[in-house]
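The values are calculated or read from the model by the stated rules, or taken from the named source; none is laboratory data. Since this is a predicted model, take the numbers as computed values, not measurements. As a convention, Cβ positions derive from the backbone with ideal geometry for all residues, glycine included, and neighbour counts pool all protein chains shown. Note: areas computed on protein heavy atoms with side chains; ligands, DNA, RNA excluded. Shrake-Rupley method; radii C 1.70, N 1.55, O 1.52, S 1.80 Å.
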Amino acid sequence: MSQDMPLPKLSTQRSAIIWISVVICAFAIVQITSFYPGYLSHDSAYQWWQARSGEITTLWPPGIVFILQAFARFSNTAPTALYLLHCALYWACAAYMVAQQPKFFEQTLALGVLCVFPVVAVCLPHVWADVALAVWLLSACVLLDASTSLRMSDAGSRWVVAIAALILIGCTLLRHNAWFALPPLCWWAASKWRLHFPVFAINPDHASAVRNRSNRFTALTAGLLFAVAITIYATVPRWVSKVHADTWAITLIWDLQALSVSSRQVLLPKSISADTTVDDLEQSFDRVNAVTLYVKSRAQWVNATVGLSAEQKSDLIAAWVRAVTHHPLAYLKHRSHVFLKMLGPKRGVERDGSADDPGHVQFKDNPRVEFANPEALRFARQWIEWLKPQWWTSPIVWMGCATIFLARSIWLRRASREHRALLCAAMTPSVYVWLSGMLYLLPLFVLTPTSDLRYALWPTIACVSAALLALRDQRAFRAQL
């Protein structure tokens with residue numbers, strides 16, 4: 001038996017296609033024109049300057065720089081082209097998710113969810129690596145799902161799966177922690193690839209042997225795909241970069257600052273800061289942002305953005321392990337606060353962390369960028385500012401509701417043993433996407449240096465997309481009974 005049960009084809013009803021296209025295009029046009037040419041935060045402007053100058057640093061993986069360099073061949077304002085690409089990818093994926101729903105009610109529900117989606121509405125206007133990662137991962141998921149749901153030829157499906165696999169590999173060059181999201185999607189891509197090899201068709205006389213061979217092939221292919229992705233992440237940034245930053249150190253220094261304030265003793269090694277004091281750490285401590293330390297502190301600090309020496313790295317890691325071991329409750333309290341603020345509503349930057357950065361930072365000799373439609377932007381900003389503090393717009397609410405719906409779908413269909421194979425097949429796409437979001441989210445409890453909303457973008461999109469795939473598959477599952 002194939003791992004994937006037959007899925008419904010994309011709706012061919014002319015009226016459904018027309019109304020979905022009209023509504024999606026209307027929302028896309030309003031969103032694109034209102035924020036055009038997109039926001040340029042300091043990070044975005046700095047990466048644009050790297051693309052223009054070639055002075056690349058491992059402070060970020062170089063994926064965005066590569067894309068900006070490619071767009072620079074055709075446009076003097078490459079970030080604008082990247083903003084348009086991100087918007088096009090998201091709205092194309094939204095159109096697919098809506099059109100996949102079998103009935104008008106489900107289509108309307110999916111359309112409402114994806115067009116109002118608060119986290120996307122806040123983050124999508126930015127030229128951020130977090131946005132790039134989210135829309136490219138979503139695109140890969142849509143391609144993997146479409147390779148069977150659109151009932152292509154075997155050759156066409158193999159090409160679609162291959163493109164999705166290349167996207168997954170490329171995603172490791174967008175964010176340092178992108179690889180956490182990949183294992184379930186690599187397995188999904190490998191299982192899709194396996195489906196289009198006749199040698200793995202189930203023969204009733206040799207079902208067990210074929211199934212075992214099929215599972216080994218999937219595991220080997222998924223492992224190879226993930227290994228290639230990790231290799232690309234480990235080698236390419238250091239190969240092309242002139243400055244090798246130690247980004248991870250910022251989070252460890254912040255943790256040590258929090259534990260120093262809590263314990264009223266300096267826990268940071270002298271090689272990181274030789275002259276800091278408890279009072280200095282306390283007055284410069286920000287509960288939701290690590291970078292505030294370097295703005296408010298009067299002490300001298302090593303610059304992790306240009307790299308640490310081997311001795312500094314060793315001292316920092318040893319001090320962090322020792323501090324966390326001796327003050328575990330204070331550490332958990334600090335990290336829990338950062339994590340929950342990241343997932344909660346954004347009522348204020350100082351209190352809850354940043355949600356957006358609506359403007360254009362002028363960095364060195366980058367060309368100046370101006371908003372094209374100030375009046376439309378003003379109305380759009382009023383909408384965004386109203387959304388940010390609402391409890392129902394927070395990532396934790398959207399992820400929680402989507403996860404509950406997905407769990408309920410599995411629970412209601414667990415009924416009998418003879419239906420378990422159909423249940424497994426029906427829920428496979430949803431579970432892969434959901435797992436990708438969760439595997440990306442959970443390490444942020446330890447890794448995130450701020451409570452910024454953007455870090456929760458892919459987990460939130462993944463959970464909502466998984467719920468919509470489960471909604472789509474309900475009727476397909478019932479049809480098989």
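A few remarks follow.
- Mean Cβ count within 10 Å, highest first, over the residues of peptides 124-136, 319-331, 379-391, 249-261: 124-136, 249-261, 319-331, 379-391
- Euclidean distance between Cα centres, the stretch 235-250 to the stretch 87-155, Å: 32 Å
- Considering all different alpha carbon pairs of the chain, the Kirkwood hydrodynamic radius works out to 24.1 Å.
- Positive-end residue, the chain charge dipole about Cα centroid, Cβ charges, pick of A219, F66, W386: A219
- Based on C-alpha pairs under 8 angstrom that are at least 6 apart in sequence, the chain has a relative contact order of 22 percent.
- The residues of the stretch 320-473 expose on average 47 square angstrom of accessible surface per residue, using a 1.4 Å probe on protein heavy atoms.
- In sequence order, the stretch 235-243 has phi-based couplings of 9, 4, x, 6, 6, 9, 8, 9, 10 Hz under the Karplus curve 6.51 cos²θ - 1.76 cosθ + 1.60, θ = phi - 60°, and Gly or Pro positions carry x.
- The stretch 362-404, accessible surface, carbon-and-sulfur percent (1.4 angstrom probe): 66 percent
- Computed from Cα atoms, the angle from the helix 78-99 axis to the main principal axis of the chain rounds to 40 degrees.
- Rounded to the nearest whole Hz, the Karplus-based 3J(HN,Hα) values (6.51 cos²θ - 1.76 cosθ + 1.60, θ = phi - 60°) of the stretch 314-323 follow the sequence 4, 4, 5, 5, 5, 5, 5, 4, 5, 5, with x at glycine and proline.
- Rounded D (µm²/s) - the stretch 1-141, Kirkwood Rh over Cα pairs, Stokes-Einstein at 25 °C, 0.890 mPa s: 147 µm²/s
- Under 5 Å between amide hydrogens, built in the peptide plane, is the criterion, and for Y39 it picks out H126, V127 among residues at least 5 positions away or on other chains.
- The stretch 339-388 and the stretch 294-319 have Cα centres separated by 30 Å.
- For the peptides 115-123, 152-160, the ranking by packing is 115-123, 152-160, with the highest mean count of neighbouring Cβ atoms within 10 Å listed first.
- Rg over Rh for the stretch 242-360 works out to 0.97, both radii taken from alpha-carbon positions and Rh defined as the Kirkwood radius.
- Accessible-area composition of the stretch 245-359, carbon plus sulfur, in percent [1.4 Å probe]: 56 percent
- Tilt relative to the chain, helix 182-195 - C-alpha long axis, 0 to 90 degrees, to 10: 20 degrees
- Calculated accessible area for the stretch 36-179 comes out at 31 Å² per residue, all protein chains present (probe 1.4 Å; ligands, DNA, RNA ignored).
- Simple point charges give the picture: +1 on the Cβ of Lys and Arg, -1 on the Cβ of Asp and Glu, and for the chain a dipole about the Cα centre of about 1320 debye.
- Taking the C-alpha atoms of the stretch 332-390, convex hull volume expressed per residue in Å³: 105 Å³
- Karplus-derived HN-Hα couplings along the stretch 372-385 (A = 6.51, B = -1.76, C = 1.60, θ = phi - 60°), whole Hz, x at Gly and Pro: 7, 10, x, 5, 5, 5, 4, 5, 5, 5, 4, 5, 5, 5
- Listed peptides 137-145, 43-51, 332-340 by packing density, highest first (mean Cβ within 10 Å): 137-145, 43-51, 332-340
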